[in-house]
1. Starting from the range 25-38, keep only residues that are in contact (Cβ under 8 Å) with a residue 12 or more places away in the chain, then list their pairs with residues that are aromatic (Phe, Trp, Tyr) whose Cβ atoms are within a distance under 9 Å, requiring at least 6 positions of separation or different chains.
2. Restricting the search to the range 22-67, which residues are within 21 Å of the chain's Cα centre (by Cα) and of a type in the set (A, V, I, L, M, F, W, C)?
3. Does Asp96 satisfy the criteria of being surrounded by 15 or more Cβ atoms within 10 Å (Cβ to Cβ), within 24 Å of Ala31 (Cα to Cα), of a type in the set (Asp, Glu) and at pLDDT 90 or above?
4. Collect the residues in the range 64-75 that are in contact (Cβ under 8 Å) with a residue 40 or more places away in the chain and surrounded by fewer than 15 Cβ atoms within 10 Å (Cβ to Cβ), keeping them in residue-number order.
5. When you look at Asn83, is it more than 15 Å from the chain's Cα centre (by Cα), loosely packed, with under 15 Cβ neighbours inside 10 Å and polar (S, T, N, Q), yes or no?
6. Would it be correct to say that Phe44 is surrounded by 15 or more Cβ atoms within 10 Å (Cβ to Cβ), not in a helix (DSSP H, G or I) and not aliphatic (A, V, I, L, M)?
7. State whether one or more residues within the range 37-60 are charged (D, E, K, R), in contact with a Leu (Cβ under 9 Å, 6 or more places away or on another chain) and closer than 17 Å to Tyr112 by Cβ.
8. Could you say whether any residue in the range 74-87 is of a type in the set (A, V, I, L, M, F, W, C), at pLDDT 90 or above and farther than 28 Å from Lys53 by Cα?
Amino acid sequence: MIQEVTKTEKSESEKVAPSKNKAKNRAGNQAALALLIETYPETFSRTNIRPLKIGIQDDLIADDKVAKNKIKRALASYVRAPNYFRAMKQDADRIDLTGSSAGKVSESEAEYAKTQLKEFHQRRRENQRRQEKEKRDQEKGQRMASKLEMLLTKKG
């Protein structure tokens, strides 16, 4: 019985660590993105998101204004955001570091973005359902524990 409790406690603590790491990574990505927005306001924005030039990572590295690891983090965060996928419409202008046109979004790229956006929304719905179920299960467990305690109190 003691071993079972220990295993349960351990698995609960293991669940906490990944969410802390995820939050820490997200914060690091957002800080790196803020640096890109500040350094290249013509290209990066939180409100006016436009498709980026293919190969812009190489241009950013060559420009040498931002550390390579920060570029990778920021770009990964930027191009995987739902608003970026929404901006990826067929024939939309891609932009370079100066905000100038640097190609167009192809039909296949636009379709890929639509698919990614659908998958994002599906994952979000699944996470919400899972969280709601966990909350219901937790509330049920609390009610059961409360009823059990009331029964034990009456008998004792």
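1. Short answer, once both residue conditions are applied: Asn29/Tyr78; Leu33/Phe44; Leu33/Tyr78; Leu36/Phe44; Leu36/Tyr78.
2. Listed by number, the residues that qualify are Ala23, Ala27, Ala31, Ala32, Leu33, Ala34, Leu35, Leu36, Ile37, Phe44, Ile49, Leu52.
3. Yes.
4. Residues satisfying the conditions do not exist here.
5. Details: more than 15 Å from the chain's Cα centre (by Cα): no; loosely packed, with under 15 Cβ neighbours inside 10 Å: yes; polar (S, T, N, Q): yes.
Criteria not met by Asn83.
6. Values: surrounded by 15 or more Cβ atoms within 10 Å (Cβ to Cβ): yes; not in a helix (DSSP H, G or I): yes; not aliphatic (A, V, I, L, M): yes.
So Phe44 fits the description; yes.
7. Among the residues of the range 37-60, at least one is charged (D, E, K, R), in contact with a Leu (Cβ under 9 Å, 6 or more places away or on another chain) and closer than 17 Å to Tyr112 by Cβ, which makes the answer yes.
8. Looking for residues that are of a type in the set (A, V, I, L, M, F, W, C), at pLDDT 90 or above and farther than 28 Å from Lys53 by Cα, one finds none in the range 74-87, hence no.
The values are calculated or read from the model by the stated rules, or taken from the named source; none is laboratory data. Remember, predicted model here, so these are calculated numbers, not experimental data. Every residue, glycine among them, receives a Cβ derived from its backbone with ideal geometry; neighbour counts consider all protein chains shown.
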